[in-house]
Every structure is written in C-alpha cells, then in structure tokens.
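The values are calculated or read from the model by the stated rules, or taken from the named source; none is laboratory data. Since the structure is predicted, the reported quantities are computational estimates derived from the model, not experimental observations. As a convention, Cβ positions derive from the backbone with ideal geometry for all residues, glycine included, and neighbour counts pool all protein chains shown.
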Amino acid sequence: MSAAHVWIRSFADALTDLGLEPGEAERIAAETSAQAQESGLGLQELFGPSEPYARAVVGALHAAIAAPEPGGGSATTSLPGPSCSA
Amino acid sequence: MAVEQVEPVAGDCGSDPHRQMGAVSDTDQPPISPSEPRGTGPCQMWVPCCDRLRAAVWDETAQRRLLAMRGWGSKVMLSARKPDWYSVRLTTVTPSGASSLSGRWLHGFLDLCLLGLLAARRDYGYGLSQRLSDAGFGEVAGGTLYPALLRLERGGLVDVSWQSSASGPRRKYFELTAAGRAVRAQQIQDWWQFRAGIDAAVAQPVLESEGGAQ
C-alpha cells in the first residue's frame with residue numbers, strides 16, 4: 001500500500017470521524033487527491049498530516065462565508081479558519 | 001531577467017549507464033537554465049533527458065546545485081515534457097523566517113485575496129497558489145489554501161468546474177459568482193477601513209523616552 005493510499009484513507013476516515021457522511025468524505029478525499037496531482041506534490045507534502053488537514057477541511061465547511069442579503073445589508077464575513085500548517 | 005548557466009555535476013550515479021552523467025555527450029549536457037527566481041516563488045528550467053531515469057538524476061543534481069548556489073532549499077518536480085527535455089520546476093522552500101510575516105498577514109486576508117484573483121480570471125488551486133506567490137506572499141501552504149477555496153465554494157461565492165488538462169490530471173477550476181463579487185466589494189471596503197485604522201495607529205507621533213533604549 002503506497003504512502004499516498006495510506007494518507008488518503010486516513011484522511012477519509014478522519015472526515016467521517018468528524019461527522020461527514022461517508023459518501024461526502026470519499027468525494028472530498030478524491031478531490032484532495034486530484035488537487036495534489038495538479039500541483040505535482042505529494043499529499044503529505046502539500047497538505048501536511050491527514051488528520052489535522054481533515055479538521056481544517058471540516059472547519060472550512062462549517063465556516064462558509066455568507067453572501068450579502070439582497071437589497072442591502074452588510075455582508076457577513078469570516079476570517080479564514082484554522083489551517084494545519086503555516 | 002538574468003539567466004544563470006549551471007554546469008552539470010558528475011556524481012556517483014551507479015553502474016547504470018543511463019545514470020552516469022559522464023556518458024552524456026556534450027550536446028546533450030544541459031546547461032540548466034533556471035529562470036531568475038523572484039522572491040520565494042518557483043523557477044522553471046528545462047533539462048535534457050533521454051529517459052526519465054536520467055531526468056531523476058538531473059533533478060537531484062539540480063537541486064544540490066541550486067541549494068549551494070542560492071542558499072535555498074528547493075523541491076524539484078518533473079512536469080511537462082517536450083521531446084528530449086523535461087521541465088523541472090523548482091519550488092523554493094522558504095528560508096527560515098523569510099515569509100513567515102507575510103504568511104501571518106495573509107492568513108487574515110486570504111479570502112479577500114482569492115476573491116480578488118478570481119475576479120480577474122477563473123483559476124485552479126495550483127494556479128492560484130502561484131499567483132499568490134507572484135504577488136509576494138511566498139508559498140501558501142496547501143493546508144491553508146484549499147480549505148479557503150472550499151469555504152468560498154460552500155458559501156456560494158465561487159462556482160467550480162472540472163476541466164481536463166493536456167499535461168496532467170483534471171483540474172478543479174474556481175470562478176467568481178455574483179455573490180462572490182458582492183462579498184469581494186464588501187471586503188474591499190472593510191479592508192480600506194481596516195487599513196485606515198492601522199495607518200492612523202502607526203502614524204502616531206513617537207515620544208522620545210528619557211532613558212533611551214535599554
């Protein structure tokens with residue numbers, strides 16, 4: 001089993017442990033793998049350890065920025081959430 | 001832009017003739033010609049290779065040479081190929097502390113920066129990473145960038161689409177939505193207000209202390 005496979009399995013498992021549906025976790029894991037491929041870097045190299053990165057992803061899902069209300073009103077903005085690496 | 005010619009280094013490449021740098025003809029020797037790096041961004045160079053194995057040897061050689069030449073760390077990746085040449089992208093590893101400050105600053109404004117870049121044109125994750133680097137922020141960690149893009153996506157500020165790439169895997173492109181443009185406009189106002197506050201704070205007159213510096 002390759003290091004990439006181990007990383008992605010650990011990542012998907014961590015996502016489900018954090019409350020994502022298994023199907024959603026698998027979809028995000030597949031996207032994450034593709035993003036590493038497009039960058040030419042390994043998963044560990046690009047994202048850091050799998051479990052902290054899973055927490056960062058789930059945090060991002062919960063911290064989506066809301067668009068401004070139609071017809072005025074202020075936008076609800078959010079500073080970036082946690083990251084797993086500097 | 002200055003281009004530096006890096007002469008090949010003959011190393012101990014084992015008994016495999018493909019890995020013996022001395023077996024390479026003069027016409028086949030690089031000069032490796034890295035583009036002049038800017039800040040902590042990546043640089044690109046083409047190296048000749050008859051096979052991928054030798055390219056890998058060249059990767060290591062190039063990495064050592066650039067380390068010694070510039071005092072950088074570098075990560076070497078093979079990317080595109082054209083006949084007999086590989087493109088080797090050298091992504092600098094930020095020298096200790098060199099961009100940690102800009103990284104901390106960016107952390108609070110990454111969403112705004114991404115909205116700004118995507119307002120100019122749609123892009124995919126790695127492309128955005130390069131544009132952030134080109135803007136002077138250094139290398140933005142994937143663990144920071146991709147969750148931010150996911151946050152924008154889930155907030156409806158960007159649309160995503162997958163597109164095949166001629167040179168690699170499919171790419172996930174991000175494109176600003178109308179809601180994203182509205183948030184961008186709002187965040188720009190917020191930024192100017194915040195910046196005005198900082199400017200006002202740091203422009204306060206400095207009183208000379210009687211004791212001077214300790």
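Any residue at all in region B:108-118 that is surrounded by fewer than 21 Cβ atoms within 10 Å (Cβ to Cβ), more than 24 Å from A:S50 (Cα to Cα) and within 8 Å of chain A (Cβ to nearest Cβ)? Scanning region B:108-118, I find no residue that is surrounded by fewer than 21 Cβ atoms within 10 Å (Cβ to Cβ), more than 24 Å from A:S50 (Cα to Cα) and within 8 Å of chain A (Cβ to nearest Cβ), so the answer is no. Anything in region A:3-32 that is within 22 Å of B:R171 (Cα to Cα), surrounded by fewer than 18 Cβ atoms within 10 Å (Cβ to Cβ) and not charged (D, E, K, R)? List them, or say none. Scanning region A:3-32 gives A:A4, A:H5, A:G23, A:A30.
Checked against (1) touching a strand residue (DSSP E or B) at 6+ places or on another chain (Cβ under 9 Å); (2) surrounded by fewer than 17 Cβ atoms within 10 Å (Cβ to Cβ); (3) of a type in the set (D, E, K, R), B:K172 passes all but condition (2). Scanning region A:11-56 for residues that are closer than 21 Å to B:D123 by Cβ and more than 10 Å from every other protein chain (Cβ to nearest Cβ) yields a single hit, A:A30. Annotation for region B:134-141: at least one member residue is out of contact with any strand residue (DSSP E or B) (no Cβ under 9 Å at 6 or more places or on another chain), in contact (Cβ under 8 Å) with a residue 24 or more places away in the chain and at positive phi.
On inspection, B:R184 qualifies as among the basic types (K, R) and touching a residue at least 60 places away in the same chain (Cβ under 8 Å).
Residues of region B:153-163 that are more than 7 Å from chain A (Cβ to nearest Cβ) and either crowded, with 24+ Cβ neighbours inside 10 Å or modelled with pLDDT of 90 or more (or both): B:E153, B:V158, B:D159, B:V160, B:S161, B:W162.
Residue-by-condition table, conditions (1) facing chain A (nearest Cβ under 8 Å); (2) over 19 Å from the mean Cα position of the chain (by Cα):
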| position | (1), (2) |
| --- | --- |
| B:L128 | no, no |
| B:R151 | yes, yes |
| B:R181 | no, yes |
| B:W191 | no, yes |
| B:G197 | no, yes |
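Assessment of region B:63-76 against the conditions (more than 21 Å from A:Q37 (Cβ to Cβ) and at pLDDT 60 or above) yields no matching residue.
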